[in-house]
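J.: Sharing a structure below in structure tokens format, with a few things to ask.
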Amino acid sequence: MKAENQIPYYAPDGSPLGFRSLAAAKRLVDGGFVTPSYGRKGHLKAIWLRKADGASPVETNIAPATQYSFQQRLDSGNRCWRLRRLDQRDEEGTLVTTRGVFLQVVSDCLVA
């Protein structure tokens with residue numbers, strides 16, 4: 001079978017389950033057994049098995065977490081994620097210091 005006729009098939013957690021033919025993938029989508037992923041030109045790119053409760057396997061919201069990196073605006077107006085500083089201001093202008101958290105992690109690693 002040609003590679004362009006094979007559609008990747010994924011579990012709800014993102015682990016690969018193999019490939020399905022284009023016809024088989026379309027039958028699964030039409031039956032409502034899987035959630036399709038389409039490319040920008042409307043072609044079927046992948047299919048995702050639904051969760052046990054029937055919910056969509058693709059999460060739309062990410063879980064909130066502590067920010068340890070910040071976007072920096074360069075003089076040219078571009079944003080940069082590569083150059084990170086430990087102390088920076090957040091979106092509201094409050095100074096955020098992550099040195100204490102970093103040192104706590106280092107000391108916990110040294111103890112263990």
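J.: How much length is gained on full extension from PHE33 to SER76, taking 0.36 nm per residue of separation minus their Cα-Cα distance? All intermediate terms of the calculation are to be shown ahead of the outcome.
T.: Working: separation 43, 0.36 × 43 = 15.48 nm, distance 4.87 nm.
Difference between extended and current length: 10.6 nm.
J.: Hey, another quick one. Per 5 Å bin from zero, what fraction in whole % of the C-alpha pairs of the range 3-49 is there, up to the bin with the longest pair?
T.: So the P(r) values, bin by bin, are 5, 25, 35, 25, 9, 0.
J.: If I stretch the segment between THR94 and GLN6 completely, what's the gain in nm (0.36 nm per residue apart, minus their alpha carbon distance), one decimal? Mind showing how you got there, number by number?
T.: Values: separation 88, 0.36 × 88 = 31.68 nm, distance 5.08 nm.
That works out to 26.6 nm of additional length.
J.: Under a 5 Å amide H to amide H cut-off, with H placed in plane at 1.01 Å, what residues pair with ARG50 once short-range neighbours are removed?
T.: THR35
J.: Let's see if you can work this out: charge +1 on each Lys and Arg Cβ, -1 on each Asp and Glu Cβ, no other charges. What is the dipole magnitude of the range 3-49 about its Cα centre, in debye to the nearest 20?
T.: Values: 6 positive and 3 negative charges, 36 e Å.
Value, rounded to 20: 180 debye.
Where a number appears in this text, it was derived from the coordinates with a stated rule and is not lab data. This is a predicted model, so every value here is computed, not measured. Counting neighbours? That spans all protein chains shown, and the Cβs are built from the backbone with ideal geometry, glycine included.
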